[in-house]
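Taking it in order: structure first as structure tokens, then the write-up.
The values are calculated or read from the model by the stated rules, or taken from the named source; none is laboratory data. Quick caveat: nothing in here was measured; it's all calculated off a predicted structure. Heads up, the Cβs are rebuilt from the backbone with ideal geometry, glycines too, and the neighbour counts pull from every protein chain shown. The protein model used for the area step is the full one, side chains on, heavy atoms only, and it has no ligands, DNA or RNA in it. Shrake-Rupley method; radii C 1.70, N 1.55, O 1.52, S 1.80 Å.
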Amino acid sequence: MKKSLIHRLVQAVIVLIGVVLLIFVMLRIVPGNPIETMMGEHADAATVARMTAEMGLDQPLHIQFFRYISSAFRGDFGTSYSLGKPVSQLIGSAFVNTLILALFAALFAWVAGIGCGILSAVHKNRLPDRLFMGFSILGISLPVFMAAMFLQYIFGFCLHWLPISGTERWTGFILPSIALGWNSAGQVAQMTRTALLETLQEDYIDTARAKGRSPSGVLVHHALRNAMLPVLTMMTIQFSGLLSGAVITETVFSINGVGRLMVQAISGRDIPLLQGTALLATAVVIFGSLLADVLYSVLDPRVRKEG
Amino acid sequence: MLKAKRKQVEQAADLRLQSQIGEQERFRDQLRRMARENKTAVVSFFVIVILMLAAILAPLLTPYEENEMDLLHRLQPPSAEHLLGTDEGGRDVLTRLLFGARVSLLIGVAPALLSLILGALLGAAAGYRGGMTDTVIMRIADVTLAFPSMLLAMVIMYSLGGGIFNVFLTLTLVNWANVARIVRSQTLKLRSDEFVEAARVTGVPDRTILRRHILPNCLPTLLVLFTLNIPAAILTESSLSFLGLGIQPPNASWGLMINTGRQYLYNAPWLCFAPGAAIMLIVLSFNFLGNGLLDVLDPRMKKQ
Amino acid sequence: MNEMTLEVSGLTVCYPTEKGAIFPVKDVSLKVPAGSIVGIVGESGCGKSMTARAVMGLLRSPGKVTAGKVFLCGREITALPEKERRKLRGNEMSMIFQEPMTSLNPVMKVGKQVEEAIRLHTDCSREEAKRRTLELFREVEIPEAETRLSCYPHQLSGGLRQRVMIAMAMVCRPRLLIADEPTTALDVTVEAQILKLLEHLRDAGTSVLMISHNLGVIARVCDEVYVMYAGRVVEQASTERLFEQPLHPYSRGLFRSVRSLREGCETLETIPGVVPNLLRLPQGCSFSLRCPECGEKCEKTMPELLETEPGHAVRCFRAEGGEE
Amino acid sequence: MSGYLLEARNVTKLFPAAGKKKVHAVSDVSLQIREGETLGLVGESGCGKSTLGRLLIRLLAPTSGEVRFRGENITALKDSDFRRIRKEMQLVFQDPYASLDPRMTVRDLVAEPIETWRLCGSREEVTDRVRELLRAVNVPEEFLYRYPHQFSGGQRQRIGIARAIAADPSFIVCDEPVSALDVSVQNQILNLLRDLKTSRKLTYLFISHDLSVVRYLADRVCIMFLGKICEIGDTEEIYTRPRHPYTRFLLDAVPVPDPSVRGKEIRLLKGEPPSPADPPTGCRFRTRCPRATEKCAASEPELRYIGGVQAACYYAEEGPA
């Protein structure tokens, strides 16, 4: 168990290094000098040259890469071109907002998703099933920005129930979280339903019934834990889905989060900032999936053994 | 190994029961069954066909030109003349929606197909060859999958710049890894299946086994993946365009229309909600169709 | 021995399919006297497992009992509300299944699974349940019982898993144990051990309804045998009587098909043809298509299950002398 | 020069298991099969009999040891050189549902070996050949263009057999070919296999856990326990006078369809089967053997001749314990 965890950890670090390399290379195949692009046409050649040297951009690519990696290990991700502040500081303050948003969204997705999934499976092919599955497939099919604008329009503009944008009050997080979590909730609900229905066909369910367990007892004590296993593996996709969605949600609701920072970085052609935010997001995804693996092995003794 | 054997016997027993109760079906029968049992999937199929026809026949369906400005009639609400109103330049929204469908559908289908081919080839190679091939391909796939899809798309679009062709390329690069992963696991499973072993013991060469036994048995999965990759591509493109990173004006894609309409959300909501509803309709249809196919073709894949 | 632990009369199970309804169990009547092992023998698809499930009330949808009554110790149970029936399961009647690997919850320790059964039907403390589980494990001869309590199913061999299943079934000393092919997935040496265990249970007062396709297993443990074919009972007799003088052509074919361990032979006896599809049963006797002695009457009408001698009933016109 | 069709010399196969352990699926097995005979391979699940079968026809490569076919060491051959021998060896599978590609018609399935080895010229010739084969295994010719799922298990197994004999092999490994079938159908398949053997001069390795099946088909029988041969020799001799204690237990345990022997005390094997990842020292059967002594724990008994059969037990001469 411990051994396989270490193995997975090493693998995660390798993937992370691959990710850094990929981002690094991709951002540097853009034609033109980034300093020049950033400063516009008015910059004089001397200033550009000085800044280029200052930022080490005149060095060969591999030297730049190792420099970046080694300073990243010390928590230094460079200085943002456009905002003039250290990237780590910018990300640090934005990350809190994104984290709150993502946690709320995940909470909504898991509670609503699993709940709807179970109810759907129990009432298979009857009204609640059709209703919940309708909602979940709607969530999967609705682009995040549409969900966001729709909620903004109805609850913010028409009904004035909740703030349209900003996060000055905690209520500001409600609409963005729902908009962001709806998609994941739909996926979780569908997976829960499928897995539960499949689990209910297993032989050990018959055994439990033969013992005299009530239907609800069978569901809670035998079916659910087994059905949650495939749902758990979805966590990986969920993490990356939530982060993708955060980019959009934060833009629509004007929340100062990592996603919005990333959009700013792109429009400002701010490479250190883009690099830093992308690295953070992928690291979250990678370690999120690692966490899912660990949880999985806690829940499934068969995996625990094999290592 | 023992467990695998037991499982086989058990599955055989299951199948035997099936042959008593309802026979195991072939591809054609499965499609027929879906058509019979899953009305939503059938309706979705027709919605898709109609939308495609509408996109192709767009110039015949509307009296207006795609970019015909009419500054006197800006931001008009829906009326008999302009069924879905006009935008900030006085252009007919319905017309732009129909022309936008061309871009959005093309952007759904083309990258889905490209990533399917790329992913299937790499996945099958990784699964069947194993060893170094497998390690290299799957590590690259892992790195790709570690990115949130929007983020990867944004970074690629940033380095490539906007434009339809670059959007194609980006969406292909974002989606291939998932296809590769699923095809690989399917290939691995098929490779250890007894009928493949039977072909090996008969002396059938590896390449023939791959072509004759493994790929045809992957086809249902590929079809499902294709159907489900289309809405994924449409969603990613619309999100990119919404952020202004995708299709560039004057080309109209639905995402871009929403992007420009967003500033008028409170006084001209139809500018956002009309293309939004269109995206939802097409994505919903593909999802329903894909799920229908998944149900009849490959119920076990749902877990992945 | 006239007290009946189980009495089934006219049990019919309907299973709607796309191509029409089929009846995996049709008009089945059987009796399990107290303190005996009664066997049902037949090939796959003959309805023997469905019968067992129907008796337990564990049919999978869309299967349904459409006719018939089931008496457990004289009490009719098919009409009982589901809640009442549930109290019987695991208490008065238990069941063990063919595949001990998939019949145990893979993510729950085996000890816990047995404790669960105890705590469902008695209100004893957790420690008490644990102690009882250990006792039961010893009783079904699980070696190193203490350590096995905290094992997961995948850590046990097939034989041990089946013993756990039996322990679980025996927690309340049920009147009736239904064993659905309990040894089919096991090796012969383990099979012998499990059969021995079932005999011990019988001697301790639990009647057993044993379902098997293996005539050797039936001969070894059963007192009374029912032969099923295509959803119906075609012959019923005491084990000695049936093995000595099978009357139905199908039973005769089955017995002739048995391969001997003691001597080799040139060609093996077979029953021609295959088990019929339940959707396409012949109009008359279900066995008529494969029967070497099939007459005209057999093709048109289904014979009744009639006693030719006390304790020996058969569903064949030939045997009752009606068709020459 | 050995005169055997197939010979295994000290074949061992290890599979990696959890941790650094290795499972000895087959360990140090030597056996010979003469042309035209049927060798039955009997053992309980997990004893390595299927693995041994696959090792003999090079579907798996042994960890050590060699397999010789007509005196030629096929373990050492390169893939390209082995191809000509591949045609001589075939496998009939246990599970008739999984071993036929669901997307191919019967004609294509049976034609695959013929086409692979280019045994016939035109398409028509191939089809004619397929018809012939189907006749040989008693599958009606009109089913030529049907798919496997339209057949019952017995018929599928017949198609599997037709496929196996299509390229005229000389050696066939039958891996539990009837254990997934109903009793009445089992006999049909067994009779067919026996007829084919005579008419086509085949040599079989017949793997089964069912002693009565082996009794019917095999000339000689080989009993395996935990990757090792316990006893090997003439079928009649072993069934009437088993030498190895394990063989005795095995024969005793088979339920006999005769109620008159009911109540007769059967000797039961004690304990649980040892794990193949961690086999006991010395004789692998000793932990379950009633007559095991210190000698059995100290060293492993070799196969040795005892009146015509070979058995691996120190006390094989003595009667049942």
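Per-residue mean of other chain beta-carbon atoms within 10 angstrom of the beta-carbon, peptide D:204-217?
Across D:204-217, the average partner-chain Cβ count within 10 Å equals 3.
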For C:102-113, what's the mean count of beta carbons from other chains sitting within 10 Å of each residue's beta carbon? 5
Using alpha carbons only: equivalent-ellipsoid semi-axes of segment C:100-171, gyration tensor based, whole Å: 18, 12, 11
Expected output for segment B:149-194, residues with a loss of 50 Å² or more in accessible area relative to the chain alone at probe 1.4 Å, reads B:L151, B:M154, B:V155, B:Y158, B:S159, B:E194
Helix axis angle, C:158-169 relative to chain C longest principal axis, alpha carbon, degrees: 80
Calculated [θ] (222 nm, deg cm²/dmol) that DSSP helices of n ≥ 4 give over chain B, each run adding -39,500 (n - 2.57): -24500 deg cm²/dmol
Spin-label model distance (nm) - A:I17 vs A:R130, 7 Å beyond Cα toward Cβ: 5.7
Considering only C-alpha atoms, what is the centroid distance from segment B:34-98 to segment D:126-153, in Å? 56
Accessible surface of segment C:100-171, 1.4 Å probe, proportion on carbon and sulfur as whole %: 48
Taking the 0 to 90 degree range and rounding to the nearest ten, how far is the long axis of helix D:153-165 tilted relative to the main principal axis of chain D, both from C-alpha atoms? 80
Which order do the peptides C:269-279, C:99-109, C:176-186, C:11-21 come out in when sorted by mean C-beta neighbours inside 10 angstrom, highest first? C:176-186, C:99-109, C:269-279, C:11-21
What whole-number value in Å² describes the accessible area per residue of segment C:219-294 for a 1.4 Å probe? 41
Counting partner chain Cβ atoms within 10 Å of every residue's Cβ in D:184-194, what's the average? 5
Using a Förster distance of 51 Å, how high is the FRET efficiency between D:S179 and B:R139, based on the Cβ-Cβ distance and rounded to 0.05? 0.75
Selected from C:L279, C:L247, C:L195, residue furthest toward positive end of dipole (segment C:188-290; charges at beta carbon): C:L279
Can you give the alpha-carbon Rg of segment C:139-233 over 2.2 N^0.38 Å, where N counts its residues? 1.14
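Total accessible area buried between chains C and B, 1.4 Å probe, in Å² to the nearest 100?
In total, chains C and B hide about 1100 Å² from solvent.
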Kirkwood-type radius of segment C:181-270, with distances r between different C-alpha atoms, in Å: 14.5
Compute the distance in nm between two label points, each set 7 Å from the Cα along the Cα-to-Cβ direction, one at D:S275 and one at B:I117. 5.1
Along the positive direction of the dipole of segment C:100-171 (beta-carbon charges: Lys, Arg +1; Asp, Glu -1; about the Cα centre), which of C:P106, C:M165, C:A145 reaches farthest? C:P106
If you wrap segment A:48-106's Cα atoms in a convex hull and average its projection over all directions, what's the area in nm²? 5.4
How high is the FRET efficiency between C:S260 and C:E240 when r is their beta carbon distance and R₀ equals 25 Å, given to the nearest 0.05? 0.85
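Add -39500 (n - 2.57) for each DSSP H run of 4 or more in chain D, then divide by its residues: what number comes out at 222 nm, to the nearest 500 deg cm²/dmol?
-9000 deg cm²/dmol, from helical runs alone.
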For chain B, with all protein chains present and a 1.4 Å probe, just round the carbon and sulfur fraction of the accessible area to a whole percent. 63
Chain A: angle of helix A:45-54 to the longest principal axis, Cα-based, in degrees nearest 10: 50
Translational D in µm²/s for segment A:137-254 (Stokes-Einstein at 37 °C, 0.692 mPa s, Kirkwood Rh from C-alpha pairs): 201
Mean shadow area (nm²) of the C-alpha convex hull around chain D is 19.0
Please report Rg over Rh for segment B:195-304, where both radii come from the alpha carbon positions and Rh follows the Kirkwood definition. 1.25
Which residue, D:G233, D:G153, D:G53, tops the fluctuation ranking in a GNM of chain D built on C-alpha contacts under 10 Å? D:G153
Could you give log10 I(q)/I(0) at q = 0.07, 0.08, 0.09 Å⁻¹ for chain C, computed by the Debye formula over C-alpha point scatterers of equal weight, without solvent? -0.30, -0.39, -0.49
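Taking a cut-off of 46 Å, what percent of all Cα-Cα pairs in the protein assembly as shown are separated by more than that?
Taking all Cα-Cα pairs of the protein assembly as shown, the fraction more than 46 Å apart is 46 percent.
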Could you tell me the total accessible area buried at the D-B interface, probe 1.4 Å, in square angstrom to the nearest hundred? 2900
Listed residue (A:V218, A:A121, A:L175) projecting farthest to the positive dipole end of segment A:87-306, Cβ model: A:V218
Give, rounded to the nearest 20 debye, the magnitude of the charge dipole that segment C:100-171 has about its Cα centre when Lys and Arg contribute +1 at Cβ and Asp and Glu contribute -1 at Cβ. 160
Viscosity 0.692 mPa s, 37 °C: Kirkwood-radius Stokes-Einstein D of segment A:87-306 over Cα pairs, µm²/s: 174
For the interface of D with C, what's the total buried accessible surface in square angstrom, probe 1.4 angstrom, rounded to the nearest hundred? 3800
Could you tell me which Cys residues in chain D have no other cysteine's Cβ under 4.7 Å from their own Cβ, answering none if every one has a partner? D:C47, D:C120, D:C174, D:C222, D:C230, D:C289, D:C313
Leaving out ligands, DNA and RNA, and with a 1.4 Å probe, what % of the accessible surface on chain A is carbon or sulfur? 67
For chain A, what does the accessible surface come to per residue with a 1.4 Å probe? Please give it in Å². 45
In Å², what does the accessible area per residue of chain B work out to with a 1.4 Å probe? 43
Bridge type composition, the protein assembly as shown - antiparallel percent by DSSP, nearest 5: 60
In range of the label at B:M69: residues from segment B:239-266 whose backbone nitrogen is under 17 Å from the point 7 Å along Cα→Cβ: B:249-252, B:260-261
Cβ-placed point charges (K, R +1; D, E -1), dipole of segment A:87-306 about Cα centre in debye, nearest 20: 400
